[in-house]
Amino acid sequence: PVRVGEKVVLVPADLPYRTAGHEVAVRLATGASFGCGRHPTTRLAIRGVEWALGSLSSARRLEQSAVLDIGTGSGVLAIAAARLGVGQGVGIDTDPCARVEARQNVAHNRLADRIQISDQPIEAIKQTGRFYLVTANLRAPTLRNAVSLICRLVVPGGWLVLSGIRAEELKGLCDTYRIAGCQSYWTAVEKDWAAVVCQKQTA
């Protein structure tokens, strides 16, 4: 087991583990998909998810909210968000292998009734403004090119957690999202990689 945030502990799927105190266990099987916790971008994204969800004090409102994880890989970010209290989740990925492994990890965490894994491209998602939390651990050029698509999916006052960013790319990406109406409130850097949490501004 590896603690990656204040609460989240990543645990091998077949390893007995009892959480202590405020810990939240996310169980992951060994696989080929990205998002096992060994890379700084995954750890930074999980810390960002914890920070963003910590801003919502009402547990009831959290249970009624939804998360979208773009490029879900192992499903770890959607699973972590659900474990932290988000009611429903969708993870999308174009890689068939990733989708298979994400579904397996969702099952390992007994969240099949709350998290859907889909091959739907981001352009095809119709639930504009539905998600309280949108996560994307992708490279900065992809995040920059998809800024309008990503920002339209989050509710006003909701949060974006963006990772996969080189430290030197962080300021430029924050500026891009600020211009699109999403203000950055939290950033972190680990081993030259960075993550940012942005809030979609209300009109």
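The values are calculated or read from the model by the stated rules, or taken from the named source; none is laboratory data. Note that the structure is predicted; figures quoted are calculated from it, not measured. Here Cβ is always computed from backbone atoms with ideal geometry, including for glycine, and neighbour counts include all displayed protein chains. We work out accessible area using only protein heavy atoms, side chains counted, and drop any ligands, DNA or RNA first. Shrake-Rupley method; radii C 1.70, N 1.55, O 1.52, S 1.80 Å.
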Which one of PRO121, ALA52, PRO16 is farthest out on the positive end of the charge dipole of the chain, using unit charges on Cβ (Lys, Arg +1; Asp, Glu -1) and the Cα centre as origin? ALA52
The chain, helix-only ellipticity at 222 nm - DSSP H runs n ≥ 4, -39,500 (n - 2.57), divided by all residues, nearest 500: -9000 deg cm²/dmol
List the residues whose amide H sits under 5 Å from the amide H of ILE165, counting only those 5 or more places along or on another chain, with H placed 1.01 Å from N in the peptide plane. ALA194
Averaged per residue, what accessible area in Å² does the stretch 47-118 show with a 1.4 Å probe, protein chains only? 42
For the chain, with only Lys/Arg (+1) and Asp/Glu (-1) charged at the beta-carbon, what is the dipole magnitude about the Cα centre, in debye rounded to 20? 340
What number of lysine-lysine pairs in the chain show an alpha-carbon separation below 23 angstrom, given a sequence spacing of 8 or more or placement on distinct chains? 4
For the chain, which whole-number percentage of the solvent-accessible area (1.4 Å probe, protein heavy atoms only) is attributable to carbon and sulfur atoms? 50
Can you pull the accessible area of VAL49 for me, 1.4 Å probe, Å² to the nearest 10? 0
Per residue, how much accessible area does the stretch 146-203 show when a 1.4 Å probe rolls over the protein heavy atoms, in square angstrom? 43
